[in-house]
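Have a look at the structure below, then the notes.
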Amino acid sequence: MSALLANVTIDAPDGASETLAPSTPNMRAKDGSSMGSTEEKEGYDPSMLFLLEIATSLAIRDQQTMQDHGSKVAGYCTEILRQRKHLHPILIERSLIYLMAIKKCGNEFVCLPVAEGANLQAIDVGINLGEIIRAVYSTQSSQPSLFPLLAVPLVRSLIAIAEVNPQLVLEEPKVVYQILKKAILIPEAQGPEFDLCKLLVEQDGARFVTPRVFPLLINLLTDFATLGSVGAEWEQRNDVLSKRLKPSTKAPEKPYIRW
């Protein structure tokens, strides 16, 4: 795994500062030097994406591989997300998907109990979900074109993680609410976002809808209602207009002829 990840390289200028803390300090530029200065984004390199996908697939294969390699692969994906201003959007998007997949699998596999009756715990791969969401949220102002590309897989991943354990996405409910509030305007994100709201309401008698979560959830559902009413009004107006413009199918009356 180490040899595989050693071929994943990142070019970024010195002092590049993002919201995520550096997690893989041994990353190097493609020329083998330390982070070299560059002002241009890297071109799309399919080989890096291929290596990351293989590494992720190997890491999430079973419980043992998650314990041995999950945090290392997550560290590389986190670093790519941190250096998002200097890398290709496709690499950033896929790295986010891999990172969320590792987070989800880390909570699906549980460590073996040390003794009989010991509590089962999720595998800690060092992924801070709140920091990831903040990083994606910040792109709406710094990189507007990148935000929809990241927001959609993020929302889809949030519902997948919530299906494993809703509490995972509610550690910082306000942070999750902020990203959902912006993503609701993206058509591809609306479906999984509504499914997330539905899951929180229906799961275990809505026990996850705490006093902190309730007003945020109501606000989101109000946004859905507003979007629905706007769409319904547009459909009604369009239907009336189409009826007005619809050509008449009634046969014209024959003119009266006097003999």
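Computed quantities for the displayed model
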| quantity | calculated |
| --- | --- |
| Criterion violated by T222 - all others in (1) of a type in the set (S, T, Y); (2) under 17 Å from the mean Cα position of the chain (by Cα); (3) more than 26 Å from I127 (Cα to Cα) satisfied | (2) |
| Selection status of F224, under 26 Å from S138 (Cβ atoms), surrounded by 14 or more Cβ atoms within 10 Å (Cβ to Cβ) and aromatic (F, W, Y) | yes |
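Each reported figure results from applying straightforward, stated rules to the coordinates on display, with no laboratory input. Note that the structure is a prediction, hence the values are computed from the model and not measured. Ideal geometry is used to build each Cβ from the backbone, glycine not excepted, and the neighbour counts take in all protein chains shown.
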